[in-house]
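To start, the structure under review is shown below, and the notes come after it.
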Amino acid sequence: MSNPNLRPEVLAPGFAAKSNETVLLWVQVALAAGVPLALVFCQLGLAVGDPVLPPALEIFALGAVPIAGVTWVQWWRPWYPFGTWVQHQPPETLTERQRRWLGHLLPAPSQPWWHPHGWLAVVTAGFVYGMFRQLYFTAPAVEAAAFLPPFLRWLGVTWSVIWLGVATALLQTALGAARLLIWIQSGGDRVGRGRIEVLAEQVKTAFTLVGQAGGGHPPSAGRTNAPRFPGSRCD
């Protein structure tokens, strides 16, 4: 039988609380494993039929919309990091520390172009665009695996654009969460060193929330504010 006094929350309550608060950030990082699969699906769409535009023009036309669109969202209204793309932790259950972390994802109020999170999304977008170019030129090699007849090229490229957007969103969100975790582990979340704290009522307008709101406890004394989803163990 385990000794209850050896539980992490008893030995190091501050560490256990922070671990609970960052678990969804680690989930976002782990979801980056889905990027290669999304790019495979993207290439299968490109393998349908023959190009109807010059390569350079078609690459730009197909890649610019999803990549630029997702990057625009990351710059002006970043993806809410405390979620799993299916459910998210309700903003009203965030701790003061979590709300301060969210402030680190927004541009500095006095310097809107000083936006490290946004510039990281821009650099990531350039990387994804380079990957898309490689997928486009190597798509004929997987033509035998195309799931649609050649005359449905328009449907194939639509499928490709959708999965390119998914890959971009997964990678940008994962890198943003990783950057935030590094900042937290380096002590950047200490009082006086973070950005302005985001109020719970501001989260829905400052961030893009995906999925349904999961269960959770409102912040209260003596309780860590870990998210609780259906099927998870209750206190």
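The values are calculated or read from the model by the stated rules, or taken from the named source; none is laboratory data. Treat the numbers as computed from the prediction; the structure is a model and nothing was measured. Positions of Cβ are generated from backbone atoms using ideal geometry, with glycine treated the same way; all protein chains shown enter the neighbour counts. In case anyone asks, the SASA skips ligands and DNA or RNA and just uses the protein heavy atoms, side chains included. Shrake-Rupley method; radii C 1.70, N 1.55, O 1.52, S 1.80 Å.
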Scope region 71-85; condition open to solvent by 10 Å² or more (accessible area, probe 1.4 Å), over 15 Å from residue 23 (Cβ atoms) and in contact with a helix residue (DSSP H, G or I) (Cβ under 6 Å, 6 or more places away or on another chain); matching residues: 71, 75, 79
Scan of region 101-132 for residues that are buried (at least 19 other Cβ atoms within 10 Å of the Cβ) and either free of Cβ contacts under 8 Å to residues at least 12 places away in the same chain or closer than 14 Å to residue 25 by Cα (or both), ordered by number: 101, 102, 104, 105
Matching option when the condition is outside any helix (DSSP H, G or I) and without any contact (Cβ under 8 Å) to a residue 60 or more places away in the chain, among 37, 57, 53: 53
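Has region 86-94 got any residue that is at pLDDT 85 or above and open to solvent by 50 Å² or more (accessible area, probe 1.4 Å)? Can you show your working first?
Step one: filter region 86-94 for residues at pLDDT 85 or above, giving 86-94.
Checking which are open to solvent by 50 Å² or more (accessible area, probe 1.4 Å) leaves us with 86, 92.
Yes, because at least one residue in region 86-94 is at pLDDT 85 or above and open to solvent by 50 Å² or more (accessible area, probe 1.4 Å).
Going residue by residue through region 183-191, is there one that turns out to be touching a Gly at 6+ places or on another chain (Cβ under 8 Å), of a type outside the set (Ser, Thr, Tyr) and either in contact (Cβ under 8 Å) with a residue 40 or more places away in the chain or not in a helix (DSSP H, G or I) (or both)? Quick ask: steps written out before the conclusion?
First, pick out the residues of region 183-191 that are touching a Gly at 6+ places or on another chain (Cβ under 8 Å): 188.
Filter once more, keeping what is of a type outside the set (Ser, Thr, Tyr): 188.
Then drop every residue that is not either in contact (Cβ under 8 Å) with a residue 40 or more places away in the chain or not in a helix (DSSP H, G or I) (or both), which leaves 188.
Within region 183-191, one or more residues are touching a Gly at 6+ places or on another chain (Cβ under 8 Å), of a type outside the set (Ser, Thr, Tyr) and either in contact (Cβ under 8 Å) with a residue 40 or more places away in the chain or not in a helix (DSSP H, G or I) (or both).
Out of 138, 95, 158, I need the residue that is in contact (Cβ under 8 Å) with a residue 24 or more places away in the chain, of a type in the set (Ser, Thr, Tyr), farther than 20 Å from residue 52 by Cα and out of contact with any Ser or Thr (no Cβ under 7 Å at 6 or more places or on another chain). Which one? Walk me through how you get there before you give the answer.
Values: 138 fails: farther than 20 Å from residue 52 by Cα; 158 fails: farther than 20 Å from residue 52 by Cα.
Just a single option satisfies the conditions, and that option is 95.
Condition (residue is more than 30 Å from residue 100 (Cα to Cα), open to solvent by 60 Å² or more (accessible area, probe 1.4 Å) and at pLDDT 95 or above) applied to region 17-38: is it met by at least one residue? Don't jump to the end; show me each part of the working.
We begin by selecting, within region 17-38, every residue more than 30 Å from residue 100 (Cα to Cα); these are 36-38.
Pick out the ones that are also open to solvent by 60 Å² or more (accessible area, probe 1.4 Å) and you get 36-37.
The next check asks that each one be at pLDDT 95 or above; those that pass are 36-37.
Checked region 17-38: at least one residue is more than 30 Å from residue 100 (Cα to Cα), open to solvent by 60 Å² or more (accessible area, probe 1.4 Å) and at pLDDT 95 or above.
Table: residues versus (1) in a helix (DSSP H, G or I); (2) more than 30 Å from residue 58 (Cβ to Cβ); (3) over 20 Å from the mean Cα position of the chain (by Cα).
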{"position": "73", "(1), (2), (3)": "yes, no, no"}
{"position": "85", "(1), (2), (3)": "no, no, no"}
{"position": "121", "(1), (2), (3)": "yes, no, no"}
{"position": "133", "(1), (2), (3)": "yes, no, yes"}
{"position": "140", "(1), (2), (3)": "yes, no, yes"}
{"position": "143", "(1), (2), (3)": "yes, no, yes"}
{"position": "157", "(1), (2), (3)": "yes, no, yes"}
{"position": "161", "(1), (2), (3)": "yes, no, no"}
